[in-house]
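Participant: One structure is given below, represented as C-alpha cells, and several questions about it will come after.
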Amino acid sequence: MAQRFPAEFRWGTATSAHQVEGCNRNNDWWAFEQLPGRIRSGHRSGRACDWWRNAEADFDRMAELGLNAHRLSVEWSRLEPEPGRVDEASVRRYRQMLQGLRERGLEPMVTLHHFTLPLWVARQGGWENPKTVAWLGSHARRCAEWFGDLVDLWVTVNEPNVVAALGYLQGRHPPGVRNPVRAVRAIRHLLRAHAAAYRAVHEVQPAARVGIAHNLRPMDPARAEHRGDRWVASWHANWFNWMWLDVLHTGAWHGLLGPGQVAECVGTLDFVGVNYYTRDRVRFAPWAPHAAFGLHGPTPGAPVSDQGYGEIYPEGLVRVLREVWARYRRPVFVTENGLPDAADRWRPRFLVEHVGAVARALSDGVPVLGYYHWSLVDNFEWQDGWNLRFGLFGLDPDTQRRWARPSARVYARICAARGLPAEFLGGTDREGPWDSIEDF
Ligand code: IFM
C-alpha cells in the first residue's frame, strides 16, 4: 500500500541566493571568500549555479521532477546595493524568476535573509548593530510590496542559530568572531529582526503566512547513563534548538546571560520551518570551555554522510516534528532536509526514510504542510566550498554541466505518487529498487 500525503502537500526543493545565483559581489560572504584560509580548498562561490542568468533551466528540471513548490531566497545586497537605493533591474529579475516558478506550477516560498548581509550593513556592524533590525524590516516590507502578488509564503531569517554559532562563536562564517558577549548581542538582534520582518510583511500582505527556518538537531548524550553527558546534551539542545523558538512563542528569553524579555517577538510565527539534517551525540568535556564543555559527534557505527557532515538519522526528523508541534502548536514545513553525498550512495534511501518520517509525523497529527529537499543541484556550501555535494543533480561549476543522480529519479517517483509509492515501502537495502529506475 502506498503512503499518501494530503493533496495540497508541497513537494519542493530549497536553495539560497548566494549559493546558486553567482557573482553576488556586494555582500559579506563574497568579501569573506576572498580572505585566505576562510573557505576550504580556497574555493569561491564565483558563478555558483548561474541562476542570476539562467535559473529557468533549473526550474524546468524541477517541473520535470514533478515538484509543486520551491523555496529560494532573495539577495538583499542586489535589491538594496546601497542604503536606501533600490536596484530596479534586480526587482525585475526576481519578479521574472518568481513568475517563472508560478508558470511551471511551482509555488514559491521566499526567504528574506539567508546568511548574507549587504556590505553596507556588514560594515556598520551587521547583527551587532541594533539598526539592522529596522533595516531588515524595511527590506521585508519592500519585498512584500514588490513580490506579494506572487508570494504567499515567507521565511524571515534562515537558521539564526547557525548565524550565531558559526559567525559569532566559532568564527567560521562572517564576521568570523569568537566571542560569547558579541554573540548574545547578535542573537537579540536576529530575533528582533525576525519580528520586524514578520510584522512588515503582514502590514503589506495581511493574508501572507510568515515563519522562520530553524536548524534543529537532536542532541543525545554520548553515554546514556553519564550525568555530565546528559546535562551538557540538554544544555546544548536548549541553546541551539529551543531557546530561539521559545522566545518567538513566549517573548521570554533564557539566554546565555540569564532571563529577559524580547517582547516584540511574541506570536510572530505563522508556521515553523524545520531544517533537519542530523543529530549529535554529546560528550561532557570539562577541559573544553571553548566547546561549551561538550564535544559533538555521531553515534559510533552509524552511517555518516560525506566528510563527516553528520549521522544519517531519519528518526530525528520525526522527533523534531513532534516536539515542535507539542511545544508551539503551529503548522510546520520541512524547509530543508538533505545530505552531502557526491556518489549518491545514501541519498535514495535517505529520501525515502525521511519522507517516511514526515508520514509518521502526519499520522501522529502533526500538521506538516510541505517537504523541501536541500537541494536541487550541487551548490556553494559556504565554508566548505564545493567540497560537499547536496544536489539531486550533480554540477560541474566550471562548465555548468549537470547530471541527474539516481536520487532525482527517486524523488520524481515520490512526487508523482504524491507520497511514498508501494515499491519504496519495506525495502531498506542500500541498493533498493531505485537502481532499476530509468532515466527521464
Ligand atoms: O547549505 C546549507 C544551507 O544554506 C543552510 N542549511 C544547511 C545547508 C547544508 O549545510
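The values are calculated or read from the model by the stated rules, or taken from the named source; none is laboratory data. What you are looking at is a predicted structure, and each value in this text was computed from that prediction instead of being measured. In this analysis, Cβ positions are derived from the backbone assuming ideal geometry, glycine residues included, and neighbour counts consider all displayed protein chains. Ligands, DNA and RNA are excluded from the accessible area calculation, which covers all protein heavy atoms including side chains. Shrake-Rupley method; radii C 1.70, N 1.55, O 1.52, S 1.80 Å.
Participant: Residue check: is SER375 in contact with a Leu (Cβ under 6 Å, 6 or more places away or on another chain) and polar (S, T, N, Q)? Write out each step before concluding.
Facilitator: On the way: in contact with a Leu (Cβ under 6 Å, 6 or more places away or on another chain): no; polar (S, T, N, Q): yes.
Spelling it out, it is not the case that SER375 is in contact with a Leu (Cβ under 6 Å, 6 or more places away or on another chain) and polar (S, T, N, Q).
Participant: Same structure, new question: Checking the condition of a type outside the set (Lys, Arg) and away from the ligand (no atom under 16 Å from the Cβ), which residue from LEU72, LEU112, LEU65 passes?
Facilitator: On inspection, the qualifying residue turns out to be LEU65.
Participant: Can you go through GLN124, GLN170 and tell me which one is in contact with a Lys or Arg (Cβ under 8 Å, 6 or more places away or on another chain), free of Cβ contacts under 8 Å to residues at least 12 places away in the same chain and closer than 19 Å to PRO81 by Cα? I'd like the intermediate steps shown before the answer.
Facilitator: Details: GLN170 fails: closer than 19 Å to PRO81 by Cα.
Every option except GLN124 fails the conditions.
Participant: Next up: Would you pick out the residues in the stretch 218-255 that are more than 22 Å from ILE312 (Cα to Cα), of a type outside the set (Asp, Glu) and open to solvent by 70 Å² or more (accessible area, probe 1.4 Å)?
Facilitator: ARG227, TRP231, TRP235, HIS249, THR250, HIS254
Participant: Residues ASN379, ASN387: which one is at pLDDT 95 or above, surrounded by fewer than 18 Cβ atoms within 10 Å (Cβ to Cβ), in contact with a helix residue (DSSP H, G or I) (Cβ under 6 Å, 6 or more places away or on another chain) and part of a loop (DSSP other than H, G, I, E, B)?
Facilitator: ASN387
Participant: Consider ARG401 against the criteria (1) surrounded by fewer than 18 Cβ atoms within 10 Å (Cβ to Cβ); (2) over 30 Å from GLN34 (Cα atoms): it satisfies all of them except one. Which criterion is unmet?
Facilitator: (2)
Participant: So, of the residues in the stretch 343-373 that are assigned to a loop (DSSP other than H, G, I, E, B) and open to solvent by 10 Å² or more (accessible area, probe 1.4 Å), which turns out to be farthest from the ligand (Cβ to nearest atom)? Working first, answer last.
Facilitator: If we filter the stretch 343-373 for residues that are assigned to a loop (DSSP other than H, G, I, E, B), which is where we start, we get 343-346, 364-367.
Still in the list and also open to solvent by 10 Å² or more (accessible area, probe 1.4 Å): 343-346, 364-365, 367.
On the way: ALA343: 18, ASP344: 16, ARG345: 18, TRP346: 15, ASP364: 25, GLY365: 27, PRO367: 23 Å.
Result: GLY365.
Participant: So, one more: Take the conditions within 26 Å of ARG199 (Cα to Cα) and touching a helix residue (DSSP H, G or I) at 6+ places or on another chain (Cβ under 6 Å) and apply them to GLY251. Does it pass?
Facilitator: On the way: within 26 Å of ARG199 (Cα to Cα): yes; touching a helix residue (DSSP H, G or I) at 6+ places or on another chain (Cβ under 6 Å): yes.
So GLY251 fits the description; yes.
Participant: Considering only residues that are under 20 Å from VAL74 (Cβ atoms) and surrounded by fewer than 20 Cβ atoms within 10 Å (Cβ to Cβ), which ones fall in the stretch 1-45?
Facilitator: Those that are under 20 Å from VAL74 (Cβ atoms) and surrounded by fewer than 20 Cβ atoms within 10 Å (Cβ to Cβ): CYS23, ARG25, ASN26, TRP30, ALA31.
Participant: Would you mind telling me which numbered condition in (1) assigned to a helix (DSSP H, G or I); (2) hydrophobic (A, V, I, L, M, F, W, C); (3) crowded, with 21+ Cβ neighbours inside 10 Å; (4) more than 16 Å from the ligand (Cβ to nearest atom) VAL210 fails?
Facilitator: If we test VAL210 against (1) assigned to a helix (DSSP H, G or I); (2) hydrophobic (A, V, I, L, M, F, W, C); (3) crowded, with 21+ Cβ neighbours inside 10 Å; (4) more than 16 Å from the ligand (Cβ to nearest atom), just (1) comes out false.
Participant: Any idea how many residues of the stretch 319-342 are basic (Lys, Arg) and within 12 Å of the ligand (Cβ to nearest atom)? Walk me through it before giving the result.
Facilitator: The first filter runs over the stretch 319-342 and keeps only residues basic (Lys, Arg), leaving 319, 322, 327, 329-330.
From the residues that got through so far, the ones that are within 12 Å of the ligand (Cβ to nearest atom) too are none.
Residues meeting the conditions: 0.
Participant: Suppose we filter GLN170, GLN99, GLN124 for residues that are over 18 Å from the mean Cα position of the chain (by Cα) and within 16 Å of the ligand (Cβ to nearest atom); which single one remains?
Facilitator: Criteria check complete, one pass: GLN170.
Participant: On to the next question. For ARG223, are the conditions met, namely being of a type outside the set (Gly, Ala, Ser) and either within 16 Å of the ligand (Cβ to nearest atom) or farther than 24 Å from TYR277 by Cα (or both)?
Facilitator: no
Participant: Quick test of your reading of the structure: GLN261 fulfils all but one of (1) more than 24 Å from ARG223 (Cβ to Cβ); (2) among the polar types (S, T, N, Q); (3) open to solvent by less than 10 Å² (accessible area, probe 1.4 Å). Name the failing condition by number.
Facilitator: Single failed check for GLN261: (3).
Participant: How many residues, within the stretch 215-230, are without any contact (Cβ under 8 Å) to a residue 24 or more places away in the chain and under 26 Å from the mean Cα position of the chain (by Cα)?
Facilitator: The number of residues fulfilling the criteria is 0.
Participant: Same structure again: Considering only the stretch 296-309, I want to know if a residue exists there that is crowded, with 19+ Cβ neighbours inside 10 Å and either assigned to a helix (DSSP H, G or I) or away from the ligand (no atom under 16 Å from the Cβ) (or both).
Facilitator: No, every residue in the stretch 296-309 fails to be crowded, with 19+ Cβ neighbours inside 10 Å and either assigned to a helix (DSSP H, G or I) or away from the ligand (no atom under 16 Å from the Cβ) (or both).
Participant: Now for a different question. Output yes when any residue across the stretch 384-393 is of a type in the set (Asp, Glu) and touching a residue at least 60 places away in the same chain (Cβ under 8 Å), and no when none is. Step through it out loud before you land on a result.
Facilitator: Initial filter on the stretch 384-393 (of a type in the set (Asp, Glu)): 384.
Now narrow it down to the ones that are touching a residue at least 60 places away in the same chain (Cβ under 8 Å): 384.
Within the stretch 384-393 (the criterion being of a type in the set (Asp, Glu) and touching a residue at least 60 places away in the same chain (Cβ under 8 Å)), the answer is yes, since at least one residue qualifies.
Participant: Check every one of the helices (runs of 4 or more DSSP H) wholly within the stretch 1-78 and list those with 3 or more residues that are in contact (Cβ under 8 Å) with a residue 12 or more places away in the chain and out of contact with any Ser or Thr (no Cβ under 9 Å at 6 or more places or on another chain).
Facilitator: 51-65
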